[in-house]
Amino acid sequence: MSRTVLVLSGPNLNLLGERDPAMYGSATLGEVIAAAATRAAAAGLTLEHHQSNHEGVLVDLIHDARQRCAAIIINPGALTHYGWSLHDALATFEGPVVEVHLSNPAAREPWRHTSVVAPVADGTIAGFGQAGYVLAVDAVERLLEGS
């Protein structure tokens, strides 16, 4: 069985460390992924990370993961709230899916309170900053052990 976990980062996450550090923290996306990769390696998992500002690219990556990856961790960014094509693509993925957010969307503007990804995810981790990605790896490890 594959031990590869696809980690997808949506729009504007390439600006981590620069964009609103009070909300999203001062760590860069590279630093966030490195911390998650270290945790994954300790669990015998390999992370494969991609970031895109384009919804269709993320959909293609999800499709490609279907026969190749054991799980998906996704931070869809603003696509969380209206990316129905992500919802549909994730629904075709048979392994665990964990949605992750650095901030807590439920504590922010009302338009951020609904996730179209959540119904096709096994769970959501939000509001723990950089640690959320490490927690997502922990969740994936437990979900894979249970399957």
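Fewest-first ordering of ILE125, ILE74 by other beta carbons within 10 Å of each residue's beta carbon gives ILE125, ILE74. Within the chain, what is the longest stretch that has no trypsin sites (Lys or Arg not before Pro) placed in a DSSP loop and near at most 16 other beta-carbon atoms within 10 Å? Result for the longest clean stretch: 20-65. Each principal axis of the Cα atoms in region 4-146 has its own extent, and those three values, largest first, are 36, 32, 24 angstrom. Residues whose amide H comes within less than 5 Å of that of HIS49, counting only those at least five positions distant or on another chain, are VAL7 (H built at 1.01 Å from N in the peptide plane).
Extending 7 Å from Cα along the Cβ direction at ARG68 and again at ALA43 yields two label points whose distance is 2.1 nm.
Label zone (ALA91, point 7 Å along Cα-to-C-beta; backbone nitrogen cut-off 19 Å) within region 114-147: 114-124.
Looking at region 42-147, the GluC sites (Glu not before Pro) that sit in a DSSP loop and have at most 16 other Cβ atoms within 10 Å of their own Cβ are GLU94.
Scanning the chain for long hydrophobic helices, with DSSP H runs required to stretch 18 angstrom or more by C-alpha along their axis and to average at least -1.0 on the Kyte-Doolittle scale, returns 29-42, 131-146. Close amide H contacts of HIS101 (hydrogens built in the peptide plane, cut-off under 5 Å, sequence separation of 5 or more or a different chain): ILE125, ALA126, GLY127.
Bear in mind that the values in this text are calculations on the coordinates, not laboratory data. None of these values were measured; they are calculated from a predicted model. Backbone-built Cβ (ideal geometry, glycine too); neighbour counts: all protein chains shown.
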